[in-house]
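S.K.: This is the structure I want to talk about, given as structure tokens.
Derivation of every value follows stated rules applied to the coordinates shown; laboratory data play no part. What you see is a predicted model, and the numbers here were worked out from it, not measured in a lab. Methodologically, a virtual Cβ is constructed for each residue, glycine included, from the backbone with ideal geometry; neighbour enumeration extends over all protein chains shown.
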Amino acid sequence: MLTFLARRLALGILVMWLVTVIVFIIFYIGPGSADVARALAGRDAPPSTVALIARRLLLDRPWYVQYGHFIWELLHGNLGFDYYHDEPVTTIVAQGIPITLSLIVGAAPIWLLIGVLTGMYSARHPRSFLDRSFTTFALAFYSTPTFVLGVLLILLLYYQLTIHGIALFPGSGFTPLTQNPFEWFRGLVLPWLTLALVAAATYTRLTRSSMLDVLGEDYVRTARAKGLSERRVVWRHALRAALTPILTQFGIDVGTLVGGTVITEQVFGLPGLGWTAVHSIEQQDLPVIIGIVIVASAAVVVANIVVDALYAFVDPRVRLH
Amino acid sequence: MLTPPEAAAPHELGAPSDERGSHLSVRGARSIEGRSPWRLAFERLRRDRLSLVALGVILLIVLVAIFAPLIAKGTGHGVYTQYPTTGLTPTGLPRAPSSAFPLGTDDLGRTLLVRIAYGARVSLLVGVLATLMTVTIGAALGLVAGYFGKLVDTLIARAVDVMLSIPFLLFAIALASVVSVTPLHLGPLTLGKGIPIVVLVIGIFSWATVARIVRGQVIAIRSREYIEAARALGASSWRIIVFDVLPNVLPTIIVYATLLIPVSIVAEAALSYLGVGIPPPTADWGSMIADAQSYYQQAWWFLTFPSLALLMTTLAFNILGDGVRDAIDPRGTPFKS
């Protein structure tokens, strides 16, 4: 178990290192360092200003010095300073994380619950009316781009309700949980629904097919033949086996969402990590973008390791591979 | 021995001698003999009514995209033409649908119908090109990794791990934004903002899943007898990959590609929605929705119609994709029952 974890961890570190290399190539070598300095200096800046900026950001040094500096600072937990206000990137990232996490923490249980329950019902009653409805809805939401669902929810559940005197949800903005838990909840309902409905569709489809496979297994028939109640067969015997692919998907999705709530944050004006990244891009604030990309990639790597470790814990056969 | 199979069959099957009967049994014999798996799949798909409707919708969208200039001519309004007096209200807001502007106008007083029609061009073009690129890169790497194994496989598998750990949207917007400031020079090609860079970004960040799926299939096929036989006959590795392995993973690739088209279309629209995709004034569904978001309280049509166009397109492609999967692999669990 320990060797397995150590190997998984080493792989994670390798992946993170490669991520830094790719980030570095894209931002430092790709567009040309002289261009970065000129873009930062502004349109009509004199060459001396451009040179000064290049010097301050080490842009005039060879690439290995730049990369060495970049990694050195990264290993010290320093993601650099933003170009405009000299604020540490770690501070900027730390401000965005609670908002992005609030989104994930609320949306994940909703989509897991909706997806697994509808998927299980569909698998147990294939071709029934509800199964057809669930699969149709799943296909529709699966096909809906997040931002389309988001703006439509704003149009219907915020605007139409509000002009008819039912102001249930605000249209945008974020209230910290510590400040006012109720407002925090109210402001996040629509973003949660946006994220959850699109994601739930995947889980409905996944649970349905996974459950159908498991219900056809011999041991399920054996369990039924032993005279166990249908409820016990489905919940204790079948669901447990069917959950494996669902939990994998769940782990990966939660990890990916740290960098993947960009659209939802943008639609609802929530200043989380994704929103910050988009706004840093508008200002060409590279250190902030790089910092967020690295944090988001790290989240995926950690989520993958956790999923693998859970597997190895549950199923000893995994450790052999 | 040169007799065509139509004539040979009744004799072999001991068919009745009268004309009518032999004719029938000939047809029966042929339908048993001559159907390739592709043909079977095609016939299964042809019986799937929902998929046919989806295919019809897709064809309609393709026609709209091709004949967008005709639609522009029909309404008499260009894609970029702004109508500040007739197309906007006195307070400068978009106009509601009317006979002059069938789906209303946008925030600059342009005809929404014409812009949605032109937007279909961008969506379909990016969707198909990005999918082709993704599938080509992914299949090539998956084939090589799965067939050769060892170091090549390890390298490609790690590359897949890295690509799957990268948050697609963040990297894509970062790359697209960097390129939009300082265009990328690839030999004679200069990539700035626009369709080529969007296709490239989507392709670069989505090949990993294809590579992983193809690799897994190739590993399963690699040790089969017919591959051994080809090797024993002295076929080169490349020959085996192209003629023996590829045809066996092709159905998987095709199914995945059909399902990848709507994903690529959504990715393009998302990038444009975030302002790093197709630059204005090009008509594009994603950027139209972004612009419309500021006017949703005054102009529902401006937000609704581009959203519906995008939704209809992705839904049609997903339904067709499911249908193609069920047709090619009937053992799998169909999602539509």
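S.K.: Distance from the Cα centre of the stretch A:185-243 to that of the stretch B:199-258, in angstrom?
M.R.: What the calculation gives is 33 Å, centre to centre.
S.K.: In nm, to one decimal, how far is the A:LEU161 label point from the A:ALA10 one, both placed 7 Å along Cα→Cβ?
M.R.: 5.3 nm
S.K.: Further question on the same structure: Below 8 Å, C-alpha to C-alpha, sequence gap of six or more: please give me the relative contact order for the stretch B:37-107 in percent. List each step's numbers first, then the result.
M.R.: Working: 34 pairs, mean separation 10.5, N = 71.
Over the stretch B:37-107, the number comes to 15 percent.
S.K.: Between B:PHE42 and B:PHE148, what is 0.36 nm times their sequence separation minus the Cα-Cα distance? Round to one decimal in nm.
M.R.: Working: separation 106, 0.36 × 106 = 38.16 nm, distance 3.30 nm.
Extra length available between B:PHE42 and B:PHE148 comes to 34.9 nm.
S.K.: Using modelled amide H (1.01 Å from N, peptide plane; none on Pro or chain starts), what sits under 5 Å from the amide H of B:LEU103, excluding residues fewer than 5 places away?
M.R.: Result for B:LEU103 returns B:SER98, B:LEU112, B:LEU113.
S.K.: In addition: Give me the distance in nm between label points sitting 7 Å out from Cα along the Cα-to-Cβ direction at B:GLN298 and B:SER98, one decimal.
M.R.: 1.6 nm
S.K.: Here's another thing I want to ask about it. Which of A:ALA200, A:ALA51, A:ALA107 ends up with the largest GNM mean-square fluctuation for chain A, with Cα atoms connected below 10 Å?
M.R.: Looking only at A:ALA200, A:ALA51, A:ALA107, the biggest GNM fluctuation is shown by A:ALA51.
S.K.: Sticking with this structure for a sec: Whose amide H sits under 5 Å from the amide H of A:PHE81, counting only residues 5 or more places off or on another chain, with H placed in the peptide plane?
M.R.: Result for A:PHE81 returns A:VAL89.
S.K.: Could you check the spin-label model distance between A:ARG61 and B:TRP238? Points 7 Å from the Cα along Cα→Cβ, value in nm.
M.R.: My value for the distance between the label points is 4.5 nm.
S.K.: Give the distance, in whole Å, between the Cα centre of the stretch A:269-313 and the Cα centre of the stretch B:64-104.
M.R.: Spelled out, the Cα-based centre of one part sits 41 Å from the other.
S.K.: How would you rank A:LEU101, B:LEU55, B:LEU170, going from fewest to most other Cβ atoms within 10 Å of each one's own Cβ?
M.R.: Details: A:LEU101 16, B:LEU55 19, B:LEU170 25.
The order, fewest Cβ neighbours first, is A:LEU101, B:LEU55, B:LEU170.
S.K.: Can you pull out the trypsin sites (Lys or Arg not before Pro) in the stretch A:42-82 whose DSSP state is coil and whose Cβ has at most 12 other Cβ atoms within 10 Å?
M.R.: Working: sites: A:ARG43, A:ARG55, A:ARG56; in loops: A:ARG43.
For trypsin sites (Lys or Arg not before Pro) across the stretch A:42-82 that sit outside H, G, I, E and B with at most 12 neighbouring Cβ atoms in 10 Å, the list reads A:ARG43.
S.K.: Hey, got the dipole for the protein assembly as shown? About the Cα centre, +1 on K and R Cβ, -1 on D and E Cβ, debye to the nearest 20? Please report the intermediate quantities before stating the final value.
M.R.: Details: 48 positive and 39 negative charges, 311 e Å.
It works out to roughly 1500 debye.
S.K.: When only C-alpha pairs under 8 Å and at least 6 residues apart count, what is the relative contact order of the stretch B:22-178, in percent? Provide the component values of the computation, followed by the final result.
M.R.: On the way: 109 pairs, mean separation 22.5, N = 157.
The normalised contact order for the stretch B:22-178 reaches 14 percent.
S.K.: Can I ask one more? For Cα pairs less than 8 Å apart in space and 6+ apart in sequence, what is the mean separation divided by the residue count of chain A, i.e. the relative contact order in percent? If you can, show how the numbers build up before the last one.
M.R.: Details: 349 pairs, mean separation 77.5, N = 321.
Across chain A, relative contact order equals 24 percent.
S.K.: Moving on. Where is the GNM fluctuation largest for chain A (alpha-carbon springs, 10 angstrom cutoff): A:VAL262, A:VAL89, A:VAL233?
M.R.: Sorting by GNM fluctuation, first place goes to A:VAL233.
S.K.: Quick test of the membrane-span-like rule: which DSSP H helices of chain A reach at least 20 Å along their long axis (C-alpha atoms) with mean Kyte hydropathy at least -1.0? Before the final figure, lay out the partial values.
M.R.: Working: long enough: A:2-24 (33 Å, 2.09); A:89-124 (50 Å, 1.46); A:129-143 (21 Å, 0.67); A:181-215 (44 Å, 0.75); A:239-260 (30 Å, 1.01); A:286-314 (42 Å, 2.43).
What comes out of the filter, once short or polar helices are dropped, is A:2-24, A:89-124, A:129-143, A:181-215, A:239-260, A:286-314.
S.K.: With a ≥ b ≥ c the root eigenvalues of the C-alpha gyration tensor of chain A, is it rounded (a/c under 1.5), prolate (a/b larger than b/c) or oblate? Write down the numbers at each step before the final one.
M.R.: On the way: a/c = 2.91, a/b = 1.56, b/c = 1.87.
Judged from the Cα gyration tensor, chain A comes out oblate (a/c at least 1.5, b/c at or above a/b).
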